[in-house]
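Below is one structure, written out as structure tokens; the observations come after it.
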Amino acid sequence: MQKGMHTDTERCVRAVQSKDARFDGWFFTAVVTTGIYCRPSCPVVPPKPENMRFHPSAAACQQAGFRACKRCRPDTSPGSPEWNQRADLVARAMRLIADGVVDREGVPGLAARLGYSTRQIERQLLAELGAGPLALARAQRAQAARLLIETTPLPMADIAFAAGFASIRTFNDTVREVYALAPTELRTRAVPRSSPVTSGPSGIPGVSANTAGALTLRLPFRAPLNPDNLFGHLAATAVPGVEEWRNGAYRRTLRLPYGHGIVSLTPQPDHIACRLTLSDLRDLTVAISRCRRMLDLDADPVAIDDQLRMDPLLAPLVDKAPGRRVPRTVDEAEFAVRAVLGQQVSTAAARTHAARLVTAHGEQVDDPEGGLTHLFPAPEALASLDPETLAMPRSRRTTFTTLVRQLADGDVRLGPDSDWPQTRARLLDLPGFGPWTVDVIAMRALGDPDAFLPTDLGIRRAAQELGLPSTPAALTARAAAWRPWRAYAVQYLWATDSHPINFLPV
């Protein structure tokens, strides 16, 4: 699989004829005889090859006048892995669009964040995705509207504005154009909200009677997915008050553009069950996007594992538990702060340091369903604290205060628009930032799939146990064959240890 797969007609036809779900999100199939577009795994009888047209995005299909299939619901397929494994302009733009920047700031705001002209961004997105930023954001709004229509009792006017539409008329026109149904017809076809949660072909369930005020949905992923290290890591490092493991679910608070939220994520064999409670429904698409990013759900595990298996010493680890993901974050600045708090201390000590900051400087929230009490404090709140109140060595206090000041001032940017090499260089310039801290931030906050930790104690122990080179330089040289997936190799190497981060909590 590679960039521009939709241009390989023969390969796309084979994927459609075999109904291969691994290709969902990589490309979309438009059928000229029916005027609809589908995901490759659509359960209907495949159309004749001469009637297929392939597009790189749902937005491109909509631009070409095709409507979403009512059976396979292509707008709910996993996102393209491209946007989380690349750091070029198009990938950064797509991450920002998923984070709702176009809806909040318009195309000029998107361009300003990326440091390019609107014309350059339009041209590059059109060339690669067949649609510009407005069309891509429109497709995202349509998907959010459909989700709210089908899973909540909200009035249509409220849904229109929550999904990001500027007017009810635009909302109605867009839903009809994309789904060939009026909003009220979409709701009529949906699973009744009074019945138990069940899923249709879309993978989006209705809301059960006991989940008033919460949105319940399924987050799809490409199989396989091994939840052990993913949820194990999040649970083992959870900051009290901000995160918790409760009743088989990872729960945490979310700081969002319009308000705050609480999410509950439960691993299931074929999806991640997600429950969202939001103070402002306009944050829906952003919250979903950030949860997907935290759980690395748009990864292509088959391509990753196939490459790692080529190393005979890694192959047994991959074969034993394929589909490991990289546990990431919903808040890049929060993770960077926690990485500094965790320098040269145990996991338990890092949690204690973070919990003290949360209690002293975090914003309180109400969680009637569990033990979540605060949002993790924003850099602006931490930049004004007294360093003497930090129970850590003076040198690490300097590291901490410098980082939060740079984050608050915008001198260090870790969001979806960040330029990875530039951000790495700026972090390395900060006092107390060595390669390990920079690489762990690159891996889990920036989302660089090739970040590597050759000096990490757990990695060196695993290397020695497996017969890999144990010195950082020699291990880095050996790991060149694992590129561009070295962050995933880290997960397999860490899994050789008995640390709680490697096990799904009971």
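Observations
Quick grid of which residues meet (1) in contact (Cβ under 8 Å) with a residue 24 or more places away in the chain; (2) more than 20 Å from the chain's Cα centre (by Cα); (3) closer than 20 Å to A321 by Cα:
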site	(1), (2), (3)
L428	no, yes, no
F433	yes, yes, no
G467	yes, yes, yes
Q491	yes, no, yes
N502	yes, yes, yes
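- Residues that are part of a loop (DSSP other than H, G, I, E, B), at pLDDT 95 or above and surrounded by 22 or more Cβ atoms within 10 Å (Cβ to Cβ), drawn from segment 203-238: L225
Yes/no per residue for (1) modelled with pLDDT under 95; (2) closer than 19 Å to V490 by Cα:
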residue: A299; (1), (2): yes, yes
residue: V302; (1), (2): yes, yes
residue: L308; (1), (2): no, yes
residue: P327; (1), (2): no, yes
residue: V330; (1), (2): no, no
residue: T352; (1), (2): yes, no
residue: L372; (1), (2): no, no
residue: F376; (1), (2): no, no
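- Boolean, Q364 is at pLDDT 95 or above and surrounded by fewer than 17 Cβ atoms within 10 Å (Cβ to Cβ): yes
Yes/no matrix, rows are residues, columns are (1) surrounded by fewer than 22 Cβ atoms within 10 Å (Cβ to Cβ); (2) under 21 Å from P224 (Cα atoms); (3) of a type outside the set (D, E, K, R):
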site	(1), (2), (3)
H6	yes, no, yes
S18	yes, yes, yes
A21	yes, yes, yes
F27	no, yes, yes
R39	no, yes, no
C69	no, no, yes
D88	yes, no, no
A93	no, no, yes
D99	yes, no, no
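- Residue match in segment 5-14 (condition: under 17 Å from P220 (Cβ atoms) and not charged (D, E, K, R)): no
- Helices (runs of 4 or more DSSP H) wholly inside segment 372-467 that include at least 3 residues being surrounded by 15 or more Cβ atoms within 10 Å (Cβ to Cβ) and β-branched (V, I, T): 394-409, 435-441
- Scan of segment 356-368 for residues that are outside any helix (DSSP H, G or I) and without any contact (Cβ under 8 Å) to a residue 60 or more places away in the chain, ordered by number: Q364, D366, P368
- Candidate set from segment 58-67 (those that are surrounded by fewer than 23 Cβ atoms within 10 Å (Cβ to Cβ) and not basic (K, R)); member that is farthest from D300 (Cα to Cα): G65
- V318, sole failed condition from (1) more than 14 Å from the chain's Cα centre (by Cα); (2) of a type in the set (V, I, T); (3) farther than 21 Å from H233 by Cβ: (3)
- Residue match in segment 191-201 (condition: at pLDDT 90 or above and surrounded by fewer than 16 Cβ atoms within 10 Å (Cβ to Cβ)): no
- Taking (1) within 30 Å of E185 (Cβ to Cβ); (2) modelled with pLDDT of 90 or more in turn, V90 satisfies each apart from (1).
- Any pair with Cβ under 7 angstrom, 6 or more apart, that starts in segment 144-161 at a residue that is touching a residue at least 40 places away in the same chain (Cβ under 8 Å) and within 15 Å of T285 (Cβ to Cβ) and ends at one that is aromatic (F, W, Y) and surrounded by 14 or more Cβ atoms within 10 Å (Cβ to Cβ): R146/Y179
- Residue match in segment 137-150 (condition: closer than 30 Å to R22 by Cβ, assigned to a helix (DSSP H, G or I), outside the structural domain of A30 (by TED's automatic domain parsing) and over 21 Å from the mean Cα position of the chain (by Cα)): yes
The values are calculated or read from the model by the stated rules, or taken from the named source; none is laboratory data. What you are looking at is a predicted structure, and each value in this text was computed from that prediction instead of being measured. FYI the Cβ positions are ideal-geometry reconstructions off the backbone, even for glycines, and counts take in every protein chain you see.
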